[in-house]
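Let me begin by presenting the structure, written as structure tokens, before commenting on it.
The values are calculated or read from the model by the stated rules, or taken from the named source; none is laboratory data. Computed from a predicted structure; not experimentally measured. Note: ideal-geometry Cβ built from the backbone for every residue, glycine included; neighbour counts use all protein chains shown. When the accessible area is computed, the model is the full protein with side chains, heavy atoms only, and any ligands, DNA or RNA have been set aside. Shrake-Rupley method; radii C 1.70, N 1.55, O 1.52, S 1.80 Å.
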Amino acid sequence: MSSSAWPPELKAWVQQCLSKATASNKDAVNAELKQILFKAHADGTIKTTDWNKVELNSLKAQTQRTTHVPLPPRINITTTSFGPPQPAPPVQAQASTSFNPSNYLSSSAAGGPSTSATSEKKKKKKKNDGTAKSSAFPTPYHFTSSAEEQEALARRAARFQKPAASSSSSIAGGVDRWFGGADADDSLNGLGMVPGQVGKRKMRGKNGLGYTGEEVTEVDPNVIDWDKHTIRGTSTRLEKSYLRLTSEPNPADVRPLHILQQTLQLLKRKWKDNHNYAYALDQFKSMRQDLTVQRIKNDFTVEVYEIHARIALEAKDLGEYNQCQTMLRQLYELGIKGHPQEFLSYRIMYLLHTRNRSDMATLLAQLTQTEKSDPGVKHALDVHAALATSNYVRFFRLFGTAPNMSGYIMDHFVERERIAALAIMSKGYMTLTLTHITTTLAFDSEEETDAFLQAHDAAIYVQQPSTHGTNNHWKPIKPVPLLERIWDCRKAHAACAAGISKYRVVDLKGQVD
């Protein structure tokens, strides 16, 4: 039924009903108007009904509720606190709509006509002066006044919820929506909108991607609808080189999810066979790019980033590992399954490597008891405690028992801790055997220990007494075997202290978080 087919009397009646609707009964008015108009439309009595005589039950209930004044209970003079009547007591200064106890007292108890007249004059005087005090009686005596105030407050609150427009234009807009105006809903010819909802549009939620299928109110029209711009790839190539995007991606060059799953299996096999990190890096970055442009965030996405992070750790590429770690943190926060405890331990190790004390303090404060009980996380926390207390003996023991791939991260800062431990040892001992240093600092062999000392100009050993006779001056002296060498701690201390300065700056390649 078009908007012009509705009779003017019906439009005027609906507008009148909408103007009387308040925040407390607008839902009831809305439902009753629907029922009446649908019934009249079905019966064909829209043009024959005298709409001026039709009344809504929801509005009738409102009228009865706001106009009914209950009778106060009988007051026993002996139990009340009024006592003998006094000229114009403050408690009697009330508005005309309030209960006045003196009107219900007998003339003899009230002090006669003269006292009543004097009281009325003083009441009028105080009312005009605006100095009347609030009554100390309970709320039921002011039922009418309280109800009106509540309705006024409700109308005022509803007015601030409407768009910036006059009340007449809002009501007119509501009537237009009722009778199939330009903004009316397609279903039910726009029925379902009351003046408090004018200006709000409803949208049907999108299934998937975090949205439900229920009808929700549109939040902000200025927010970009990324679902409209999301592409779906059509490429069937398993291998594709990584190229940085400089324009909008072409769906013909993007691989869909099922092709990416096949690509991952291919890359896993090739990595086990060849260990070609340059090829693996190029292919994994290409996979991550295809997942990003298609906004795919699921268990497969987590698997891709976890595998790439492990391969990067094995190849000692902390830059790529850190990029994968940053994305994994976001995916874990979305509730996607993976191995969050394992990569939490890696993150603690990474923060120890970068000496990021602020992020470390924040992370430690957020750890739960369940996370602390995980073996990998517990090992990382023990490493943190060993470094915080300069307990180098415990640190290198933990280095030898690192679980999962934590040892790959510790490899990046173990030399820094070795030179720091040597500085402490050279200050506390006079001499130490090279074998003791090898065992304590977790070197693989005495040759590796000697090479490390040579690199830091700290390979200073105690000269052994010559075992040759006095007649063998021309015979070349054989070097002392490494197993028998003794490190001169006092002479090497300066070189160890200077070597610490080489590790003051941490290389943060790929740092993105």
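Numbers at a glance
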| item | result |
| --- | --- |
| Accessible area of the range 329-486 belonging to carbon and sulfur atoms, whole % at 1.4 Å probe | 53 |
| Against the rule of thumb 2.2 N^0.38 Å, how large the Cα Rg of the range 257-368 comes out | 1.11 |
| Computed magnitude of the charge dipole of the range 387-449 (debye, nearest 20; Cβ of K, R +1, Cβ of D, E -1) | 360 |
| √(5λ) per eigenvalue of the Cα gyration tensor, the range 358-490, largest first, Å | 41, 14, 11 |
| Accessible area expressed per residue, the range 346-433, with surrounding protein chains retained (probe 1.4 Å, Å²) | 48 |
| Summed residue charge, Cβ within 15 Å of Tyr242's Cβ, Lys/Arg positive, Asp/Glu negative | 0 |
| Residues Arg329 and Asp50, FRET efficiency given R0 of 56 Å [Cβ-Cβ distance, rounded to 0.05] | 0.20 |
| Rounded percent of accessible protein surface that carbon and sulfur make up, the range 228-316, 1.4 Å probe | 50 |
| Percent carbon-and-sulfur accessible area, the range 1-60, ignoring ligands, DNA and RNA, probe 1.4 Å | 50 |
| Ordering of 239-249, 32-42, 484-494 by packing [mean C-beta count within 10 Å, highest first] | 484-494, 32-42, 239-249 |
| Computed E for Asp411/Arg237 - FRET, C-beta separation, R0 35 angstrom, nearest 0.05 | 0.45 |
| Per-peptide average of other Cβ atoms within 10 Å, ordering 261-273, 446-458 highest first | 446-458, 261-273 |
